[in-house]
Structures are given as structure tokens and as C-alpha cells.
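Participant: Below: one structure in C-alpha cells.
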Amino acid sequence: MMKFTALYDKYKDQWWALPLILPFMLYPVSQYLSAYGYVDGFEIPFYYLNMALMTVLTMIYGFKSIPGIVLCVFYRVCPDRGFEPAIMAVLHYFTSAAISCAGYYYFTGKRGRTGFGRYSLTWQRIFWLVFVNATLFLNYFQAVLYLGMYGSYQTMMYSNPFTTRTLINYQGMLVGNLTGVPLFYLVIRSIRTPSYVIKYLKKIRTQIAKDLRAVEVFCLFGSLIALTLLMILPGHHPFPLMNSVYTLTLLLPIMIWGTLRLGHGAISLVWWALLIVLSNNYHHYIPENADYKLHLAITSSCFSAFSITITLMAINISRQRALNVKTERLMSIDPVVHLPNLLALHSDLNKNTISVLCQLYMPDLELLGRHYGLLMQVQYKQQLAQFLKPVLKDDELIYISSGHDLIVRMSPLNAEKQISELYSKAQKFRFIRDGVKLYPQIGCSYCIINYPVGHLYLLIGELRALAEISLATNMPIDMRKQSSRKVQNQVKTKVDMMNQLQQALELDRFVLMVQPIESEDGDRYHEVLIRMLGNNDELIFPDTFLPLAHEFGMSSSIDLWVLNNTMKYMDETRHTQPNQRFAINLTPASICRADMAALIENLLIRHGISPEQIVLEVTETHELTNNTQAEKTLDTLQRLGCKIAIDDFGTGYASYARLKTMRADILKIDGSFIHNIITSEMDYKIVESICELARMKNMTLVAEFVETEEIRNALFRMGIDYAQGYLIGKPAPIETLQVA
């Protein structure tokens with residue numbers, strides 16, 4: 001069998017194989033399915049398929065089809081009409097088909113060989129393979145008859161073209177080509193490549209409306225069958241009016257209904273079958289009376305109009321459905337990484353009763369992305385997903401999440417063992433970039449999820465938090481374990497706090513507090529602090545919401561809110577409290593913004609505030625240390641006239657090494673060194689050394705956490721310029737400064 005198949009595939013397109021055999025096989029079929037009528041004693045084709053068959057053979061096989069067409073036509077025509085009419089018939093068929101196919105291929109190229117139903121080829125096919133083909137066929141035949149080259153065979157055509165008979169004949173050929181060309185194309189392609197039948201059935205399946213139900217299909221086909229039977233059965237039923245040409249008009253709305261629901265592939269088969277049945281049984285619903293010729297013309301016109309309406313509508317509907325499917329597919333694929341996204345994950349989860357979600361978290365991709373660029377992150381995820389596929393089953397997929405995560409949907413059967421294998425394989429993955437092997441840490445967490453899924457995005461956040469813990473434990477973490485509940489609650493708290501932050505920014509639910517900073521001689525300015533109003537109007541301290549604001553990218557917006565409202569207060573109280581000075585904290589995200597200096601300058605101008613009245617406090621962090629933009633921003637603000645203060649010096653990234661290169665005006669010593677300065681000789685020496693170095697750079701010194709007179713006196717003796725702490729004053733609402 002395999003040997004026969006191989007030989008068939010090798011030789012099937014040779015001129016002596018299918019191109020020679022198919023005309024002899026299919027010509028009798030086309031002749032049998034065609035319908036003929038008699039008008040004024042002349043035989044005319046009412047529905048003509050022979051021309052469609054020859055056109056398709058020429059379209060598919062080109063010059064290879066010539067021997068088969070010539071021999072077939074000679075075999076069918078010569079015995080009945082003679083040699084000369086057979087020659088004319090050969091020229092008749094092949095000339096019309098060759099010219100129409102040549103014009104068609106000239107404008108469409110090789111893509112013209114594709115299956116019917118493509119919107120981009122519809123008008124070319126209708127014009128060349130239907131209109132031009134039928135027009136050439138009819139005119140050629142009329143010319144041959146006029147010249148008397150068809151011998152004595154006069155029952156099929158006539159010499160006078162300007163009659164109703166010609167109109168019926170022309171419309172019969174138009175309908176025959178419009179429906180017969182795709183019909184024989186399907187038949188020949190299926191014989192030539194049997195798998196094309198499966199392809200066509202798949203096309204039908206994709207074109208059918210997703211919400212089509214069996215009841216609707218039953219009603220649709222029941223209506224078509226009932227109308228057809230009423231028309232073609234002898235007129236002995238209780239509905240004699242149905243045995244008339246006017247019943248055809250009832251078919252159109254039903255066929256349009258079917259077109260909208262079934263698409264081009266399925267409705268074409270239905271319409272082909274109906275046309276063949278109705279054409280070959282026209283004498284049952286077209287009575288032979290005085291109006292017989294008129295009714296025959298009306299019927300052929302209906303067939304033409306219905307065929308082109310159904311064809312165009314079906315192609316448009318199928319094209320729209322294909323575009324919808326393509327759009328849905330594109331919506332479910334990440335356009336950069338080319339992996340299914342969370343929308344696809346949500347859809348797939350709803351198709352499965354129980355699934356296991358496994359999240360792989362790679363936080364180091366952030367740092368590597370800064371050095372190697374975004375493309376490195378994309379390639380890493382793509383290659384890691386491909387590397388993990390052998391561990392997964394065919395129906396298990398890897399999805400891309402936001403950030404630096406991959407999510408794997410798995411079946412619950414032996415899930416723990418499979419996740420262990422997946423995590424072990426992920427740890428073995430090595431990504432090579434510029435000849436260097438990179439292997440960022442990978443955290444892993446997983447959980448079981450049931451249909452329906454209504455909290456997917458919250459669940460992904462919880463899994464990410466657990467995956468962070470997995471980085472330390474070096475093993476996958478199951479969300480079902482008791483130890484995971486605390487993390488889940490933390491994630492929910494984070495999400496709630498994020499919502500509160502967004503509302504606070506939109507509805508001005510922040511409160512400005514101030515704490516005095518005072519020198520030994522009584523000179524005073526204030527540091528602006530911020531509190532947030534909670535859902536019950538309780539005050540939420542910044543150490544609760546600012547880390548989350550930084551994580552969610554809101555810290556810069558909060559800084560601008562504080563700057564704007566502080567300057568607004570200074571503007572409103574400039575007459576009662578002139579020359580007020582305020583110190584305002586700026587987060588690293590704000591300092592690293594390229595437009596921050598310009599925004600602050602615009603606020604100063606808008607509210608009429610002198611830059612010397614503003615002290616901008618920044619904390620030494622890794623972001624500032626390695627960010628050129630931060631240095632540019634601080635330099636611009638200093639040249640503008642604002643004072644720059646380094647906050648919390650002595651902790652984190654602030655060190656003596658940085659003190660050598662700092663270009664700040666004020667140095668604030670962290671309270672952890674001040675609190676025990678009286679009892680700790682080590683703290684005392686550290687503060688003393690900071691003071692000596694700061695004075696060498698002409699920097700003003702501020703000590704935080706001053707709570708007793710002893711500490712304040714010791715600091716001032718040491719050379720500290722300003723003190724801040726509960727001894728000097730506790731934080732209070734900024735409005736209280738008016739009555740101070």
C-alpha cells in the first residue's frame with residue numbers, strides 16, 4: 001500500500017495520469033448534473049457544468065490538461081455530431097478556458113491555485129472564471145453557428161443572440177461557472193490529494209458560528225428540505241402555490257440565515273446540492289403555459305442573483321470569522337516573547353476542571369536586563385520555555401506573566417513529582433550571552449486551582465511572593481502548606497494598600513506634617529513629613545505605605561504631591577509667616593527622573609517661592625550611587641538655588657568614601673548614632689569623625705533623634721549645627737504653624 005501511495009504521489013500529475021483520466025471520469029458526471037430545457041423547440045442549458053469542469057482542469061493542470069480535454073471531447077462529441085463539430089467543440093472549450101485562466105493567473109499568480117473562499121481572490125475569480133469565461137463561451141459558439149461550422153446539429157443553440165433564450169442560456173452558464181468551478185475544484189483536489197478533504201472539513205469547522213446549536217441546524221435544514229420538496233414534488237399536496245417560481249424567493253432568506261451561521265465552506269455544499277436538485281426538476285414548479293419562457297428566465301435570474309449573493313456574503317462572513325479568530329489568537333500571545341499570555345491562561349483554566357499552576361520567578365533578570373538590554377530578557381524567557389517543554393505533557397503550556405515570571409499550567413496527576421522535575425531542569429538551564437554563561441536564580445511555587453477562576457491575578461501575586469521565599473529555600477513551595485498563609489495575607493494587604501495609595505493620590509487623602517529643625521542660636525526650619533488617611537480616616541505612617549509606593553511606581557507622584565502642597569501652603573501664608581523654610585524628602589525614583597528638576601522649577605515659579613526656602617533631602621541608595629541622571633538632577637537643583645541634604649548618613653550606602661565625592665549642602669546624621677551618643681564611646685567617635693570631615697567640605701550638619709538636653713548639648717559642643725528630634729518638637733500638622 002505504501003509503495004502504491006509513493007508511486008501515486010510521484011506520477012499523479014503527469015499528463016498521462018490524472019490530467020488524462022479525470023476528464024473521462026468527470027465529464028459524464030457534469031453532463032448528468034447539468035440541466036437542459038426546451039424553448040421554442042431549441043435545447044438550451046439551464047444549468048451548465050461542462051464548462052466549469054474544463055476550466056478547473058485547465059486551472060489546475062495547465063498545458064498538461066490538453067490531451068485529456070481533447071480526447072474526452074472527441075470521444076463524447078464525434079460519434080454523435082461528426083469530426084468537424086468535434087474539432088469546433090475542442091476549440092470552443094479550450095479557447096474559453098485558456099483565455100479566462102490566463103487572465104486570471106496573470107493578475108493573481110501562483111496564489112490563484114489556492115482553495116476557493118479567499119476574500120482577496122473573490123473578484124478576480126468572479127470576473128475571469130465566471131463572467132469572462134461564460135461570455136467567451138457563448139460568443140464563440142454563436143460565431144461558429146453563424147458561420148455554419150457546426151454541421152447539421154442545430155438543436156442545442158441558435159444563430160439569433162438577441163432573444164430570451166440567449167439570456168436563459170447565458171445565465172445558466174454564469175451560474176454553472178459560479179458554483180461549478182469551486183465544486184469541481186473541491187472534487188479534483190480531493191482526488192489528487194485525499195487529505196484535502198480533511199482540510200476542507202477543518203475549514204468548515206472553523207467557519208461555523210461558535211454558538212450554533214443542534215436545534216438551529218435542525219430548523220435550518222428542515223426548512224430547506226421542506227421548501228425544496230414542496231417545489232419539486234408533483235402538485236398533489238395541499239399547497240399548490242408552492243409549486244411555482246415564486247417559492248424560490250422563500251429560499252433566499254433561509255439561505256442567508258444559513259450563510260450567517262455556517263460560513264462559506266458548509267453553505268457552498270448546501271447551495272450546490274439545492275441548485276442541482278432544483279435545476280433538474282424545474283418542470284415541477286415552472287408550468288408549461290403561456291408564461292413558461294418568462295418564468296424560466298426569472299428562475300435562471302434568481303439562481304444567478306442568489307448564487308452571487310450567497311457566495312459573496314459567505315466569503316465575507318468567513319473572512320470576518322477568520323479575522324476574529326486571528327485577533328483572539330493575537331490577543332492571547334505576548335507580542336514580544338511570543339508565548340501565551342495571562343488571557344490565554346485564564347481561557348485555558350476555564351476549560352479544565354482542575355489544574356496546577358507552577359510559577360517560575362527570575363528576579364535577577366532585572367539586573368541582567370539593565371546590562372544586556374531588553375532583548376536578553378526576551379531571549380532568556382523564550383529559550384527557558386523551550387528548554388522546559390520536554391518535561392511537560394502535550395496539553396501543558398508555559399505562559400508569560402508580567403515582570404520576570406513564567407507560569408506553567410499542568411495536570412494534577414503526579415503534579416508534585418513533575419514540578420520537582422521541572423524545577424530541577426530549570427536550575428540546569430544556562431543562557432549564553434556574549435560567550436558568558438548566565439544562570440539567574442529561579443524561584444518556584446505552585447498551587448491547585450479549580451474551575452471557575454475568578455481571582456487569577458491575585459493568585460499570581462501570591463505565587464510570586466512564595467517564589468521569592470523559594471529563592472532562599474532552594475525548593476518549590478506549595479501554597480497549600482500552613483506556612484504559606486502568612487504570605488498570602490501579605491499579598492492581599494499589599495494589593496489593598498496599593499488601592500488606598502491610588503485613592504489617596506486621586507482624592508488628596510494625604511496629610512502634611514512638619515517637625516522643627518533648630519540651631520543652637522534658635523534658627524529654625526521644618527522638615528515636611530507625610531501621613532496617609534486610611535479607609536476609616538486613621539493616620540497611616542510612611543514606613544507602611546512608602547515601600548509599597550516605590551514597589552508599585554507611585555513614589556515619584558507622592559513626592560510631587562508633597563512639593564506642590566507644601567509650596568501652596570507657603571504661598572498662602574507668605575504674609576503671616578514670611579521666609580519659611582521647609583525640608584522635603586525626595587525618593588530615588590524622583591531623583592532619577594530626567595524631568596524632575598524642571599518640574600520643581602515650574603512649581604517654584606507657579607507659587608512664587610524662592611529656591612533658597614527649599615531643602616531637598618535625598619537618601620544615599622544604590623540607585624543614586626550608580627545613576628548618572630541622579631547626579632544631573634541634584635546638580636541642576638543646586639544651581640537653581642535649592643539646598644541639597646543627604647539624609648540618614650552613616651547607614652545603607654552612605655559611607656566615608658561617598659563623603660569625599662558628595663556635592664551636598666547639608667549632612668543629616670542618622671539617629672542610630674545619636675541615640676546612644678552619651679553612653680557609647682563608639683557612637684561618639686563616629687559622630688565626631690563625621691563632623692570633622694563634613695566641616696572640611698563646608699557642609700551644614702544636622703543630627704536626628706535628639707531627645708534629651710544632654711544629647712543636644714553634647715552635639716552642639718561637638719560642632720553640630722542643627723538638631724532634630726522630640727526634644728526640639730514632635731511632628732504636627734502643617735496648619736498648626738499658623739498659631740505657633
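Participant: Being over 59 Å from the mean Cα position of the chain (by Cα), of a type in the set (D, E) and surrounded by fewer than 18 Cβ atoms within 10 Å (Cβ to Cβ), is that true of even one residue in region 692-702?
Facilitator: Looking through region 692-702, at least one residue is over 59 Å from the mean Cα position of the chain (by Cα), of a type in the set (D, E) and surrounded by fewer than 18 Cβ atoms within 10 Å (Cβ to Cβ).
Participant: Right, another one. If you take the residues of region 139-181 that are open to solvent by less than 40 Å² (accessible area, probe 1.4 Å), in a helix (DSSP H, G or I) and more than 21 Å from F303 (Cβ to Cβ), which of them is modelled with the highest pLDDT?
Facilitator: Per the stated criteria, the residue is Q142.
Participant: Still on this structure, I have one more. Across region 441-450, which residue is modelled with the highest pLDDT among those that are of a type in the set (A, V, I, L, M) and open to solvent by less than 70 Å² (accessible area, probe 1.4 Å)?
Facilitator: I442
Participant: Of all residues in region 278-318, count the ones that are aliphatic (A, V, I, L, M) and not in a helix (DSSP H, G or I).
Facilitator: Matching residues across region 278-318 total 2.
Participant: Being charged (D, E, K, R) and under 17 Å from G369 (Cβ atoms) is the filter here, so list the residues in region 418-436 that pass it.
Facilitator: If the condition is that a residue be charged (D, E, K, R) and under 17 Å from G369 (Cβ atoms), then R433, D434 are the ones that fit.
Participant: Also, quick follow-up: So which residues in region 366-384 are open to solvent by less than 20 Å² (accessible area, probe 1.4 Å), of a type in the set (A, V, I, L, M, F, W, C) and farther than 29 Å from P412 by Cβ, if there are any at all?
Facilitator: M376, V378
Participant: Taking the conditions exactly as written (aliphatic (A, V, I, L, M), modelled with pLDDT under 90 and open to solvent by 30 Å² or more (accessible area, probe 1.4 Å)), does L546 satisfy them or not?
Facilitator: Here the answer is yes, as L546 does meet what is asked.
Participant: Residues in region 37-51 that are open to solvent by 50 Å² or more (accessible area, probe 1.4 Å) and either assigned to a strand (DSSP E or B) or of a type outside the set (G, A, S) (or both): how many?
Facilitator: Number of matching residues: 3.
Participant: To continue, here is another question. Is region 319-340 home to any residue that is among the aliphatic types (A, V, I, L, M), in a helix (DSSP H, G or I), within 30 Å of L212 (Cα to Cα) and open to solvent by 80 Å² or more (accessible area, probe 1.4 Å)?
Facilitator: Yes, region 319-340 contains a residue that is among the aliphatic types (A, V, I, L, M), in a helix (DSSP H, G or I), within 30 Å of L212 (Cα to Cα) and open to solvent by 80 Å² or more (accessible area, probe 1.4 Å).
Participant: Of everything in region 390-440, what is within 30 Å of the chain's Cα centre (by Cα), assigned to a strand (DSSP E or B) and either loosely packed, with under 11 Cβ neighbours inside 10 Å or among the β-branched types (V, I, T) (or both)? Give them in sequence order.
Facilitator: I398, I400, I407, V408, I432
Participant: I would also like to ask the following. Surrounded by fewer than 16 Cβ atoms within 10 Å (Cβ to Cβ) and either modelled with pLDDT under 95 or more than 40 Å from the chain's Cα centre (by Cα) (or both), is that true of L229?
Facilitator: Taking the combined requirement at face value, the residue satisfies it.
Participant: Condition check: of a type outside the set (S, T, Y) and either open to solvent by 50 Å² or more (accessible area, probe 1.4 Å) or at pLDDT below 85 (or both). Does F387 satisfy that?
Facilitator: Spelling it out, F387 is indeed of a type outside the set (S, T, Y) and either open to solvent by 50 Å² or more (accessible area, probe 1.4 Å) or at pLDDT below 85 (or both).
Participant: Find all pairs meeting these conditions: Cβ atoms under 6 angstrom apart; at least six residues apart or on different chains; first residue within region 523-545 and over 20 Å from Q577 (Cβ atoms); second residue of a type in the set (K, R).
Facilitator: L533/R509; L539/R531
Participant: Consider A597 carefully, then state whether it is at pLDDT 95 or above, surrounded by 13 or more Cβ atoms within 10 Å (Cβ to Cβ) and either touching an Asp or Glu at 6+ places or on another chain (Cβ under 7 Å) or more than 21 Å from P731 (Cβ to Cβ) (or both).
Facilitator: Taking the combined requirement at face value, the residue does not satisfy it.
Participant: A follow-up question, please. List the helices (runs of 4 or more DSSP H) inside region 667-740, counting only whole elements, that have at least 1 residues being more than 30 Å from T566 (Cβ to Cβ) and touching a Leu at 6+ places or on another chain (Cβ under 6 Å).
Facilitator: 681-696
Participant: Next question, about the same structure. Before we move on, is Y61 open to solvent by 50 Å² or more (accessible area, probe 1.4 Å), aromatic (F, W, Y), more than 18 Å from H92 (Cα to Cα) and out of contact with any Ser or Thr (no Cβ under 9 Å at 6 or more places or on another chain)?
Facilitator: Answer is no for this residue.
Participant: In addition: How many residues, within region 109-134, are of a type in the set (V, I, T) and either farther than 30 Å from G263 by Cβ or not in a helix (DSSP H, G or I) (or both)?
Facilitator: Total satisfying the criteria: 1.
Participant: A further question on this structure: Quick one: how many residues across region 73-124 are among the charged types (D, E, K, R), touching a residue at least 12 places away in the same chain (Cβ under 8 Å) and either crowded, with 17+ Cβ neighbours inside 10 Å or closer than 22 Å to S190 by Cβ (or both)?
Facilitator: Matching residues across region 73-124 total 4.
Participant: I've got another one for you. What about D13, is it of a type in the set (D, E, K, R), within 53 Å of the chain's Cα centre (by Cα), farther than 21 Å from Y140 by Cα and open to solvent by less than 50 Å² (accessible area, probe 1.4 Å)?
Facilitator: Yes; evaluated as a whole, the condition is true for this residue.
Participant: For V270, only one of the following conditions fails: (1) at pLDDT below 95; (2) closer than 26 Å to R189 by Cβ. What is its number?
Facilitator: (1)
Participant: If you scan region 655-675, which residues turn out to be open to solvent by 40 Å² or more (accessible area, probe 1.4 Å), at pLDDT below 90 and not hydroxyl-bearing (S, T, Y)?
Facilitator: A657, R658, K660, R663, H675
Participant: Which number in (1) under 20 Å from V187 (Cα atoms); (2) in contact with a helix residue (DSSP H, G or I) (Cβ under 7 Å, 6 or more places away or on another chain) marks the one condition that G62 misses?
Facilitator: G62 satisfies every listed condition except (2).
Participant: So how many residues does region 569-591 have that are farther than 21 Å from K668 by Cα, in contact with a Leu (Cβ under 9 Å, 6 or more places away or on another chain) and open to solvent by 10 Å² or more (accessible area, probe 1.4 Å)?
Facilitator: Total meeting the criteria: 2.
Participant: Follow-up. Just to be sure I understand, how many residues within region 721-734 are without any contact (Cβ under 8 Å) to a residue 40 or more places away in the chain and surrounded by 13 or more Cβ atoms within 10 Å (Cβ to Cβ)?
Facilitator: Here the count works out to 1.
Participant: Exactly one of (1) within 20 Å of Q502 (Cα to Cα); (2) of a type in the set (G, A, S); (3) open to solvent by 50 Å² or more (accessible area, probe 1.4 Å) is unmet by S555. Its number?
Facilitator: (3)
Participant: Continuing with this model, one more query. Among (1) in a helix (DSSP H, G or I); (2) under 19 Å from N474 (Cβ atoms), which single condition is P363 missing?
Facilitator: Failing condition for P363: (1).
Participant: On to the next question. Please state which one of S301, S279 is of a type in the set (G, A, S), at negative phi and in contact with a Phe, Trp or Tyr (Cβ under 9 Å, 6 or more places away or on another chain).
Facilitator: Of the residues listed, the single one that is of a type in the set (G, A, S), at negative phi and in contact with a Phe, Trp or Tyr (Cβ under 9 Å, 6 or more places away or on another chain) is S279.
Participant: Another one. Looking at region 342-353, I want the residues that are more than 15 Å from S411 (Cβ to Cβ) and in contact (Cβ under 8 Å) with a residue 40 or more places away in the chain and have a partner that is β-branched (V, I, T) and part of a helix (DSSP H, G or I) with Cβ atoms under 9 Å, at least 6 apart or on another chain. Which pairs are those?
Facilitator: So the pair list comes out as L342/I460.
The values are calculated or read from the model by the stated rules, or taken from the named source; none is laboratory data. Quantities reported herein were computed from a predicted structural model and do not represent experimental measurements. Heads up, the Cβs are rebuilt from the backbone with ideal geometry, glycines too, and the neighbour counts pull from every protein chain shown. The protein model used for the area step is the full one, side chains on, heavy atoms only, and it has no ligands, DNA or RNA in it. Shrake-Rupley method; radii C 1.70, N 1.55, O 1.52, S 1.80 Å.
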